[in-house]
1. Starting from the Cα of Ser155, move 7 Å in the Cα-to-Cβ direction to define the label point; list residues of region 67-81 whose amide nitrogen is under 17 Å from there.
2. Please compute the modelled spin-label separation between Asn90 and Leu21, points set 7 Å along Cα→Cβ, answer in nm with one decimal.
3. In what sequence, largest accessible area first, do Val152, Val8, Val83 appear using a 1.4 Å probe?
4. Which residues' amide hydrogens lie under 5 Å from the amide hydrogen of Tyr123, considering only partners 5 or more residues apart or on another chain, with H built in the peptide plane?
5. Take the alpha carbon gyration tensor of region 123-175, find the square roots of its eigenvalues, order them as a ≥ b ≥ c, and report rounded if a/c is under 1.5; if not, report prolate when a/b exceeds b/c, else oblate.
6. Against the globular-protein guess of 2.2 N^0.38 Å, express the Cα radius of gyration of region 63-130 as a ratio, rounded to two decimals.
7. Over the heavy atoms of Asp99, what accessible area does a 1.4 Å probe trace out, to the nearest 10 Å²?
8. Put a dot 7 Å past each Cα toward the Cβ at His144 and Gln30; how far apart are the dots in nm?
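The values are calculated or read from the model by the stated rules, or taken from the named source; none is laboratory data. Nothing here was measured: the structure is a model prediction, and the numbers come from that model. Here the Cβ is made from the backbone with ideal geometry for all residues, glycine too, and neighbour counts use every protein chain on show. All accessible areas refer to the heavy atoms of the entire protein, side chains included, with ligands and DNA or RNA removed. Shrake-Rupley method; radii C 1.70, N 1.55, O 1.52, S 1.80 Å.
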Amino acid sequence: MDADEVSVVLLTGFGPFREYLVNPSWQAAQGLEMVGLGENINIYIKEVPVSYIKSPHVIVAPGSRGISLEQTGKNHGYRDRDVCAFCPVNHCCIEGGSDRLDSIIDMRSPSKDLKQMGLEVIYSRASGRYLCDFVYYCSLHHGHGRAAFIHVPASGSLATPERLVPLLQTVIQAMLNQLEALQTCLKNYTDKPQAHYCDLIAWMHLL
């Protein structure tokens, strides 16, 4: 990355949900804002309510022991009600939208590399057909694939900010490195100005 280029990451975490009065994903987002992601990377965080209506545009994974990097968001099958007892009309995110959308980030690559480093990272293509999947699909749709979604564990030692924040910092930096490599490839194949790929992460969800 050039010294004068600044990348922007919008990092979200979900609010209270069922028995989770303090959502670990929101704690992780706050922790990452404090430690940062490196020079020339600005982080903005936002707490997202567990509501289809209030989050149109990181939910916890109760049974997971590691974090999951989600590749795909799905448009249909949303039948579970949110904290306001609301369910999407026709059980879908975007009427007339594609059945599924993928992130421009190849989640398999960082998950494989980080797992070889001994980190608890899982590649996934099934986000769960709830607020997590709903928000991810909407982000991918409106951002043209420029979004990332990370499931974090709801309990266990890894769910503590002390362990989760450094792990997420490593994971997100690996994603940014991949995007930087994509940007370099674009510059090598065209003389036309290109948007900086690191700025293309419109939403980085911790759920």
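1. Output list for this probe position: 67.
2. With each label placed 7 Å out from Cα toward Cβ, I get 4.1 nm.
3. Working: Val152 0, Val8 60, Val83 85 Å².
Descending order: Val83, Val8, Val152.
4. Leu69
5. oblate
6. 1.36
7. 110
8. Going from the Gln30 label point to the His144 one covers 3.6 nm.
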